[in-house]
Amino acid sequence: MKEEPIKYERWRKEMVDRQIIDRGITDTEVINAMLTVPRHLFVSEALTDSAYMDYPLPIGEGQTISQPYIIAEMTQSLELKKHHRVLEIGTGSGYQAAVLAHIVSRVYTIERNNTLFMRTRKLFDSLKYHNIITRYSDGTIGWKEESPFDAIMVTAGGEKIPQPLIDQLEVGGKLVMPVGGLMSQEMLLLEKTRNGTSINNLGGCRFVKLIGMHGWKD
Ligand code: SAH
C-alpha cells in the first residue's frame, strides 16, 4: 500500500468515532476494518478530501459509494465470522468489499458495469486485496459455482430479494439488501432458517438500482 498523508488517518479516525461508534455500531471487527480501509483511494482524485464525510459520493457511471454509516450498519447486521465466505452484489468502487475482506476469509463480488469492474479489479490488485474474487456478471442470479455463501450483501436496491440469492445462502446465513421502489427502499435483513426465511426491517434508505434478470430492467 502507498504511503498516505497523515491527514487521511486522522479523518478516518474521526469518521469512525463520530459517524460509526457514536451512532451505536459496536462490532469491533467492523470498527477496525473501517479504521483500516483507505476510503479516499476508492473515490476519484477530485473527491479524496470528501471521502471521509458523512454522505454518499459519486463514483462514475451514475453510481455511488454509500455513506460510511450505512456500510457499517449493513456489515454489522451480517454477524460475520473470520471463516465466512461472503458474496457481495454491486462491487462499485470496491470500498464495501474491502471492508468485508478485512473481516472474513473470502469475498466474492459481482459487478455488471464493465468500466467499474475493470477499474476496481485493478485497484484491488494494487492494494493487494488477494482474498477478493471479482466477477463481471449480473449479480441477481448469484454465483452458483461458489455457493452456498455464509452471508450475502446486495448494495443496490430492488423490488424484491432475488430468489437465486436466497437459494445460494447457507442455512443459518444472513442476507442484507435495500428493497422497495426506485426512490426509496427499506433495508431488509433476511435469515435463512431450516424451514424458510425470517425478515427484519432495519429502516429506510436510498440506493441506486439493482439491474438484472431478477432486478429492475435496464
Ligand atoms: N458496494 C459499492 C456500491 C456501489 S453502487 C461500493 O462500495 O462502492 C451499486 C453498484 O451495483 C453499481 O456499481 C452498479 O453498477 C451495481 N449493480 C447494479 N445492478 C447489478 C447487478 N445486477 N449485478 C451486479 N452489480 C450490479
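Read-outs throughout are calculated quantities, based only on the coordinates presented, and are distinct from any laboratory measurement. Only a predicted model underlies this, so the values are computations on that prediction, with no experimental measurement involved. So basically every Cβ, Gly included, is an ideal-geometry build from the backbone, and we count neighbours across all protein chains shown.
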- Task: Starting at the first residue of region 150-161, write each ³J(HN,Hα) from the Karplus equation 6.51 cos²θ - 1.76 cosθ + 1.60 with θ = phi - 60°, in whole Hz, x for Gly and Pro.
- Result: 6, 7, 9, 10, 10, 9, 9, x, x, 6, 8, 6
- residue 105-residue 118 pseudo-label distance in nm [points 7 Å out on the Cα-to-Cβ vector]: 3.5 nm
- Mind giving me the FRET efficiency for residue 146 and residue 213? R0 is 25 Å, r the Cβ-Cβ distance, nearest 0.05 is fine. 0.85
- How far is helix 114-126 tilted, in degrees, relative to the longest principal axis of the Cα atoms in the chain, given as a value from 0 to 90 rounded to the nearest 10? 60 degrees
- Query: Computed over the Cα atoms, what is the radius of gyration of the chain divided by 2.2 N^0.38 Å, N being its residue count?
  - Reply: 0.95
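Once you have the Cα-Cα distance between residue 184 and residue 201, take 0.36 nm times their residue separation minus that, and quote the gain in nm to one decimal.
4.7 nm
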- Cut-off 15 Å between beta-carbons: net charge of the residues surrounding residue 63, Lys and Arg +1, Asp and Glu -1: 0
- Tell me, what is the percent relative contact order of the chain, built from C-alpha pairs under 8 Å that lie six or more residues apart? 14 percent
- Comparing 198, 184, 50 in a Gaussian network model of the chain (Cα, 10 Å), the one with the largest mean-square fluctuation is 198
- Could you please report the charge total around residue 204, scoring K, R as +1 and D, E as -1 over all other residues with beta-carbon less than 13 angstrom from its beta-carbon? -1
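Rounded to the nearest 5, what % of the DSSP beta bridges within the chain are antiparallel ones? Intermediate values should be presented prior to the final figure.
Working: 19 of 40 bridges.
Counting only bridges with both partners in the chain, antiparallel ones make up about 50 percent.
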- For a paramagnetic label modelled at 7 Å from the Cα of residue 159 toward its Cβ, which residues of region 197-218 fall within the zone defined by backbone nitrogen distances under 15 Å? 209-218
- Taking the Cβ of each residue in 4, 79 as the centre, tally the other Cβ atoms inside 10 Å and list the residues starting with the fewest. 4, 79
- Message: Given a 10 angstrom Cα cut-off, can you work out which residue in 156, 98, 46 is the most mobile in a GNM of the chain?
- Response: 46
- Message: Suppose only helical runs count, i.e. DSSP H with n ≥ 4. What mean residue ellipticity at 222 nm does that imply for the chain under -39500 (n - 2.57) per run, divided by all residues and rounded to the nearest 500 deg cm²/dmol?
- Response: -7500 deg cm²/dmol
- Note on the structure: So the FRET efficiency between residue 128 and residue 36, C-beta based with R0 = 22 Å and rounded to 0.05, is 0.95
- If each K or R counts +1 and each D or E counts -1, the residues other than residue 16 whose Cβ falls under 14 Å of its Cβ total -2
- Task: Could you list which residues have their amide H under 5 Å from that of residue 57, counting only those 5 or more apart in sequence or on another chain, with H placed in the peptide plane?
- Result: 65
- Message: Assuming a strict under-16 Å limit between Cα atoms, what lysine pair count do you get for region 6-205 once near-sequence pairs (fewer than 8 apart, same chain) are dropped?
- Response: 5
- Query: Which of 40, 102, 83 moves the most in a Gaussian network model of the chain with Cα springs under 10 Å?
  - Reply: 83
- Message: If you take every DSSP beta bridge fully contained in region 119-213, what fraction is antiparallel? Give it as a percent rounded to 5.
- Response: 75 percent
